Structure formats: C-alpha cells, structure tokens
Amino acid sequence: MHIGRFTYDKAVFYGIINGDEVAVLEGEPYGQIKTSRIVYPLAHLKLLAPCVPTKAVCVGLNYRNHALELGHQIPDEPVLFLKPPTTGYRSRSRCRLSSAKQPGGL
C-alpha cells in the first residue's frame, strides 16, 4: 500500500495510490485507515510532502571531510540547528537560487 498527501483544487488530503488513481482517505493515515468514495486520477493531483512539518532539526558539520573543506574544525559534539517549515519544497516545484554568494554556499 502506498499512501501520499496530495492537493487538488485547493483541497489537501491523504490518499491511497492504486495504479493511476488515488482513493481519498477519511482523515489522516494514523491509526485506522478508511477510504472515502472519492477517487481522483493521479495525473491530476499535486504531490505534497508526507506531513506538515513544524520545523526541521538539522545536524551540521557531520561529515569530517566537508567540515575540513569549509575550513572548520571538527566539533566535539554534533552541531544542531533548526530550519523553518518553509525550508521544504514541493514535488515538481521550482527552486529559486539566490544570486548572492553565501558563506559555504553557491
């Protein structure tokens, strides 16, 4: 069984992918899974991230060689940082790149 989160005509929902169709779930796929009678063609839906994130917890300098490439010392403990939920991207959407040079970036 393949479950995804989709949008169609401003509605956001979870659904079970069955070939080239998606059966809309009633509610969220946590616990008992029950499908509604609504079915959409998969090609007409936009795939979303599997959940609505509140934040992204990231680990920095976790690759020794990468830290050294950037001229950083290897930390004794993991470097944790948070990113906002807007950090994520949608499937098949465009990603804008800044033209400004960022430290350790483009």
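The values are calculated or read from the model by the stated rules, or taken from the named source; none is laboratory data. Just so you know, these numbers come straight off a predicted model, no measurement behind them. In this analysis, Cβ positions are derived from the backbone assuming ideal geometry, glycine residues included, and neighbour counts consider all displayed protein chains.
Determine whether segment 7-14 contains at least one residue that is touching a residue at least 40 places away in the same chain (Cβ under 8 Å) and either outside any loop (DSSP other than H, G, I, E, B) or surrounded by 12 or more Cβ atoms within 10 Å (Cβ to Cβ) (or both).
Within segment 7-14, the first condition is being touching a residue at least 40 places away in the same chain (Cβ under 8 Å), and the residues that meet it are 7.
Imposing the further condition that a residue be either outside any loop (DSSP other than H, G, I, E, B) or surrounded by 12 or more Cβ atoms within 10 Å (Cβ to Cβ) (or both) reduces the set to 7.
For segment 7-14, residues touching a residue at least 40 places away in the same chain (Cβ under 8 Å) and either outside any loop (DSSP other than H, G, I, E, B) or surrounded by 12 or more Cβ atoms within 10 Å (Cβ to Cβ) (or both): present.
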Residue hits (segment 15-41; hydroxyl-bearing (S, T, Y) and touching a residue at least 24 places away in the same chain (Cβ under 8 Å)) are Y40
Of (1) in contact with a helix residue (DSSP H, G or I) (Cβ under 7 Å, 6 or more places away or on another chain); (2) exposed (fewer than 11 other Cβ atoms within 10 Å of the Cβ), A56 satisfies every one except (2)
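Which residues, taken from segment 12-69, are among the small types (G, A, S), over 22 Å from the mean Cα position of the chain (by Cα) and assigned by TED's automatic domain parsing to the domain that holds L82? Full working, then the answer.
Residues of segment 12-69 that are among the small types (G, A, S), as a first pass: 15, 19, 23, 27, 31, 36, 43, 49, 56, 60, 67.
Going one step further and asking which of them are over 22 Å from the mean Cα position of the chain (by Cα), we end up with 19, 36, 67.
Answer for segment 12-69, where residues must be among the small types (G, A, S), over 22 Å from the mean Cα position of the chain (by Cα) and assigned by TED's automatic domain parsing to the domain that holds L82: just A67.
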